[in-house]
Amino acid sequence: MRPSKMKRLTCFLLLWFFLSEAQGFEIPTNALSEFAEYGDLVELAPGRFQFVPENQRHQRSVSGESGEAMEDVDQVTLYSYKVQSTVTSRMATTMIQSKVVNNSPQPQNVVFDVQIPKGAFISNFSMTVDGTTFTGSIKEKTFGRALYSQAKAKGKTAGLVRSRALDMENFKTEVNALPGAKVQFELHYQEAKWRKLGSYEHRLHLQPGRLARHLEVDVWIIEPQGLKFLHVPDTSDGHFDGVPVISKGHQKAHVSFKPTVAQQRKCSNCSETAVDGELVVVYDVHREEKAGELEVFNGYFVHFFAPENMDPIPKNILFVIDVSGSMWGVKMKQTVEAMKTILDDLRTDDQFSVVDFNHNVRTWRNDLVSATKTQITDAKEYIEKIQPSGGTNINEALLRAIFILNEANNLGLLDPNSVSLIILVSDGDPTVGELKLSKIQKNVKQNIQDNISLFSLGIGFDVDYDFLKRLSNDNRGIAQRIYGNQDTSTQLKKFYNQVSTPLLQDVQFNYPHTSVTDVTQNSFHNYFGGSEIVVAGKFDPKKSEQLKSIITATSANTELVLETLAQMDDLEDFLSKDKHADPDFTRKLWAYLTINQLLAERSLAPTAAAKRKITKTILQMSLEHHVVTPLTAMVIENEAGDERMLADAPPQDHSCCSGALYYGSKIAPSSLPSWVSPSPTPKTPMPAIGAPVIETTPPPHVMRVENDPHFIIYLPKSQENICFNIDSEPGKILNLVSDPESGILVNGQLVGAKKPKNEKLSTYFGKLGFYFQHEDMKIEISTETITMSRDSRTSILSWSDTAQVLSQRVLVSVKREKTVTITLDKEMSFSVLLHRVWKKHPTNVDFLGIYIPPTNKFSTNAHGLIGQFMHEPKIRIFNERPGKDPEKPEASMEVKGQNLVVTRGLQKDYRTDTVLGTDVPCWFVHNSGKGFIDGHYKNYFVPQLYSFLKWP
């Protein structure tokens with residue numbers, strides 16, 4: 001470790017970006033109507049706001065005494081402290097406002113010191129001092145410093161400094177106020193909310209410094225997807241129990257925190273405030289209905305992607321742990337504690353090993369081993385015996401871990417669908433072996449295979465965190481700082497939990513239209529459960545009235561394609577009805593993502609020319625979107641421009657986007673896999689009225705089962721449709737196709753209407769099961785979801801998705817709220833139609849229809865209510881005559897040695913019109929198809945959804 005590191009960092013943290021002048025800036029005491037009620041503040045409890053007497057050094061924002069003479073005088077009084085924060089579709093904008101008055105007979109230094117989340121962009125700061133207003137503007141950093149040097153603000157300072165607090169940094173400004181002076185501070189910042197472990201956390205650090213006459217915090221959460229849950233955890237040991245008021249609707253919520261002066265007190269007779277900590281709002285949005293949400297507004301789009309209901313992909317994981325001397329004590333103890341929990345959380349189909357290093361490199365196992373109970377116990381015992389000592393050889397340790405994974409992959413020992421991860425845990429820079437950081441980065445890049453992701457966890461401040469960021473970003477991972485002043489074990493476990501459940505690999509977002517430009521990173525190596533991938537870009541509505549996305553990915557057992565069509569009018573209507581919604585959220589989120597990703601790209605730029613080009617783009621965007629970044633500064637000046645302060649941002653201390661789990665890459669719109677048939681993007685909006693069209697040119701002749709349930713069997717040789725009904729009970733499972741020789745099975749489970757009609761309870765197919773035995777693929781289609789299972793792994797889609805999933809020879813295509821088509825080897829297909837009814841209908845329920853084109857691909861032993869007709873029986877229809885109903889003639893039909901009376905009638909095909917259907921003329925066989933089907937319809941009952949038919 002290099003001890004000089006801490007010394008240099010300490011100096012940096014004390015950097016203030018101001019030169020204070022000996023003579024205080026004298027503030028006039030003109031009255032302001034805005035502060036008219038300040039006289040009432042004297043009645044508040046005695047106490048002192050944070051202040052620094054004119055003749056003392058600047059101090060941190062803590063309450064303190066100025067001297068015996070001032071002991072009983074209320075020096076600086078806080079009139080109001082307001083925080084207003086709005087989150088619109090994950091984009092948060094926050095305003096913190098403080099109004100103070102100097103009640104002292106002497107000048108006082110008034111301090112405005114707030115903590116804001118790391119990675120947040122300050123967008124504005126203003127200050128009013130007795131009628132003199134200072135406003136902020138964003139300048140290029142060197143230009144801003146030059147302006148500041150020309151006209152420094154006397155007695156006033158401002159700056160953004162790095163804090164060692166977890167995920168926070170401080171903004172601090174100071175004003176020397178004359179007796180009676182009134183001062184208002186107002187800071188605005190913006191940040192994106194990243195989903196971690198299944199929820200978003202919106203944190204507001206409240207630090208008024210003393211009792212406030214008016215303390216108001218308002219948080220509005222506006223999520224078009226709908227709020228799944230929202231709560232405010234207790235962060236004050238019960239002191240403010242019942243004070244936060246939560247109002248929650250389907251898509252909006254309001255959290256209000258407005259403690260009275262009495263509630264603010266630490267105790268009933270205390271003058272200190274208990275408001276000194278975080279207000280945290282935890283929430284998540286509904287996403288059960290569909291995997292992705294595509295929101296378009298004001299010329300920008302944002303795409304949120306967080307699929308669930310998928311089985312985890314097996315992982316091959318190498319833990320690379322620093323055991324050098326600097327890890328001795330609490331660091332090592334907490335690392336061991338975390339590792340024991342992490343190892344217990346490995347799944348049985350995971351493989352792992354442990355590499356520990358100081359000046360030497362050791363491995364617990366030279367090969368990856370399965371995460372059995374025995375192996376995990378042995379690994380935990382190995383870790384517990386580690387005694388930290390010696391130097392730090394990061395280069396050799398990483399190359400050893402890479403070799404283990406590469407070798408296993410080359411020997412075919414890894415599941416081709418598995419995910420390979422390396423997690424490096426270190427607290428310092430290299431001191432042994434290769435010391436040059438750029439060389440280590442190069443060695444890792446040259447040796448690591450492109451299917452491995454490297455995550456780096458830097459403990460404390462002795463480690464070169466920028467190096468870890470470059471190392472991970474360069475190899476499909478991210479870095480995260482583990483703070484020494486926090487519980488190291490908890491932080492390590494929390495990070496592991498974020499990457500412990502890979503659900504998808506090779507996730508790519510395509511927007512196949514010229515109307516889309518300037519897309520942020522749209523290719524990601526992995527997607528982990530509980531998180532969210534966010535992609536944004538610009539959209540020109542003049543070139544296309546609708547925006548469609550196509551996502552390709554690989555899950556544990558399938559290749560996946562998801563299509564999403566933006567609901568543009570719905571979003572505009574929703575936002576226009578809420579006065580708190582930020583109509584600029586799409587632009588802000590796009591700019592936030594783009595600038596952060598460019599900052600990360602800049603650190604990885606291979607040449608000076610490339611770095612200059614990226615720098616120019618970042619600077620241009622920072623100025624255009626009015627945010628403080630590492631390349632800009634905020635110049636805060638009065639109207640005359642003769643007094644200025646400077647708010648300067650320190651170098652970024654986060655990987656890409658603070659809190660984000662992904663660092664991806666940009667790819668051009670790629671050609672889709674050959675098996676994908678994307679649906680065409682409508683050139684005009686879908687008609688508001690009229691029945692939706694399912695298939696414009698469906699195969700004309702198919703086997704059909706519709707309604708309650710009506711079977712329509714098409715016989716190609718006879719060119720006739722034969723119909724029959726099956727009347728049975730809810731819950732019964734009917735076999736439709738059973739072909740053990742081909743390994744193909746289709747069963748349907750009946751669901752009943754809500755109540756009988758004319759003393760008869762209608763039944764419909766509410767669930768269909770498809771089993772392709774040779775592929776070990778089961779597909780269950782209900783009116784709610786489409787569930788695909790293979791090799792004990794499951795993926796679930798909803799009817800709200802438009803998706804295509806390929807698993808071996810089976811292709812499943814879902815059209816949103818319309819159809820599911822299952823194709824086997826492009827030779828055999830099954831289509832399922834969804835019928836939605838009014839939810840409050842007194843009788844009807846949602847149900848499914850099934851359509852199967854005739855094929856000769858089944859074996860001669862295929863059976864079932866439909867399967868038996870794949871090999872067409874001979875029929876003869878003759879002696880057509882008038883029936884009892886003049887509009888329904890009768891005839892005789894010879895089939896299977898039977899002579900049946902059949903009736904001419906009409907049934908429905910709903911493929912081209914889901915509401916009215918298309919008439920299909922057919923000959924109707926009475927008595928549940930008796931004589932036309934083999935045996936009795938009850939012979940086709942099976943016990944389970946995936947049971948083959950056992951013919952008597």
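The shape of the range 90-216 can be summarised by an equivalent ellipsoid whose semi-axes, obtained from the alpha carbon gyration tensor, come to 28, 20, 12 Å from longest to shortest. Here r is the Cβ-Cβ distance between Glu720 and Leu197 and R0 is 41 Å; the resulting FRET efficiency, rounded to 0.05, is 0.10. Converting the Cα gyration tensor eigenvalues of the range 192-237 into ellipsoid dimensions via √(5λ) gives semi-axes, longest first, of 26, 13, 10 Å.
Between Phe941 and Asp578, what's the calculated FRET efficiency when r is the beta-carbon distance and R0 is 51 Å? Round to 0.05. Approximately 0.45, to the nearest 0.05.
Using alpha carbons only, the radius of gyration of the range 750-814 set against its Kirkwood radius gives Rg/Rh = 1.12.
Pairs of alpha-carbon atoms within less than 8 angstrom and 6+ residues apart define the contacts here; what relative contact order does the range 862-952 have, in percent? It would help to have the intermediate numbers written out before the result.
Working: 120 pairs, mean separation 17.5, N = 91.
Once normalised by length, the contact order is 19 percent.
Most tightly packed first, judged by the mean number of other beta-carbon atoms within 10 Å of their residues, the peptides 83-94, 895-906 read 83-94, 895-906. Whole-Hz Karplus values for the range 520-529 come out as 6, 3, 10, 9, 10, 5, 9, 10, 9, x Hz, taken residue by residue from phi with 6.51 cos²θ - 1.76 cosθ + 1.60 and θ = phi - 60°; glycine and proline positions read x.
For the range 791-847, the Kirkwood estimate of the hydrodynamic radius, built from every pair of different alpha carbons, is 13.0 Å. A simple spin-label model places pseudo-atoms 7 Å from Cα toward Cβ; at Asp415 and Asp776 they are separated by 1.1 nm.
Relative contact order, whole percent, for the range 338-462 stands at 25, derived from Cα pairs under 8 Å and 6 or more residues apart. Between the entries (i) 1.02; (ii) 1.06; (iii) 1.09, the label attached to Rg/Rh (Cα atoms, Kirkwood Rh) calculated for this structure is (ii). In this structure, the pairs whose alpha-carbon distance is over 21 Å, taken from Lys228/Lys818; Lys315/Lys340; Lys732/Lys938, are Lys228/Lys818. Distance from the Cα centroid of the range 341-418 to that of the range 846-880 is 57 Å (rounded to whole angstrom).
For Lys579, the aspartates and glutamates whose Cα comes closer than 18 Å to its Cα, not counting residues fewer than 8 places off in the same chain, are Asp218, Glu223, Asp569, Asp570. Separation of the alpha carbons by more than 23 angstrom is noted, of Lys141/Lys182; Lys141/Lys588; Lys445/Lys666; Lys156/Lys616; Lys767/Lys930, for Lys141/Lys182; Lys156/Lys616; Lys767/Lys930.
Per-residue ellipticity at 222 nm from helix content only, as computed over the chain with -39500 (n - 2.57) for each DSSP H run of at least four residues, stands at -5000 deg cm²/dmol. Between Asp466 and Lys228, the distance separating the two model label sites (each 7 Å from Cα on the Cα→Cβ line) works out to 3.9 nm. Look at the alpha carbon pairs under 8 Å that are at least 6 residues apart: their mean separation over the length of the chain gives a relative contact order of 11 percent. A 1.4 Å probe over all protein chains sorts Glu639, Glu293, Glu337 by accessible area into Glu639, Glu337, Glu293, starting with the largest. How large is the accessible surface per residue of the chain, computed with a 1.4 Å probe and reported in Å² as a whole number? Result: 42 Å² of accessible area for each residue. Compactness ratio for the range 213-346: Cα radius of gyration over 2.2 N^0.38 Å (N = residue count) comes to 1.58. For the range 868-952, the square roots of the Cα gyration tensor eigenvalues, ordered a ≥ b ≥ c, give a/c of at least 1.5 with a/b no greater than b/c, which places it in the oblate category.
Just to be sure I understand: of the beta bridges DSSP finds with both ends in the chain, what percent are antiparallel, rounded to 5?
Antiparallel bridges: around 85 percent, rounded to the nearest 5.
Computed over protein heavy atoms with a 1.4 Å probe, the carbon and sulfur contribution to the accessible area of the range 542-661 reaches 49%. 3J(HN,Hα) along the range 144-152, derived from phi through the Karplus expression 6.51 cos²θ - 1.76 cosθ + 1.60 where θ = phi - 60°, amounts to x, 5, 5, 4, 5, 5, 5, 9, 6 Hz, with x in place of Gly and Pro. Within the range 438-520, the ratio Rg/Rh, alpha carbon atoms throughout and Rh by Kirkwood, equals 1.07. Using the Cβ-Cβ distance between Thr372 and Ala668 with R0 = 41 Å, the FRET efficiency computed as 1/(1 + (r/R0)^6) comes to roughly 0.40.
Can you tell me the order of 455-463, 490-498, 264-272 when each peptide is scored by its average per-residue count of other Cβ atoms within 10 angstrom, highest first?
Going from most to least packed, we get 455-463, 490-498, 264-272.
Principal axis extents of the Cα atoms in the range 353-474, from largest to smallest and rounded to whole angstrom, are 36, 34, 21. Size estimate for the range 405-468 follows the Kirkwood approach: the inverse of mean 1/r over distinct Cα pairs works out to 13.5 Å.
Taking only the Cα atoms of the range 454-579, the radius of gyration and Dmax are 19.1, 53 Å. Report note on the peptides 604-611, 544-551: ranked by the mean count of other C-beta atoms within 10 Å, highest first, their order is 544-551, 604-611.
The values are calculated or read from the model by the stated rules, or taken from the named source; none is laboratory data. Just so it is clear, the structure is predicted and the values come from calculations on it, not from any experiment. Here the Cβ is made from the backbone with ideal geometry for all residues, glycine too, and neighbour counts use every protein chain on show. SASA here: full protein model, heavy atoms, side chains in, ligands and nucleic acids out. Shrake-Rupley method; radii C 1.70, N 1.55, O 1.52, S 1.80 Å.
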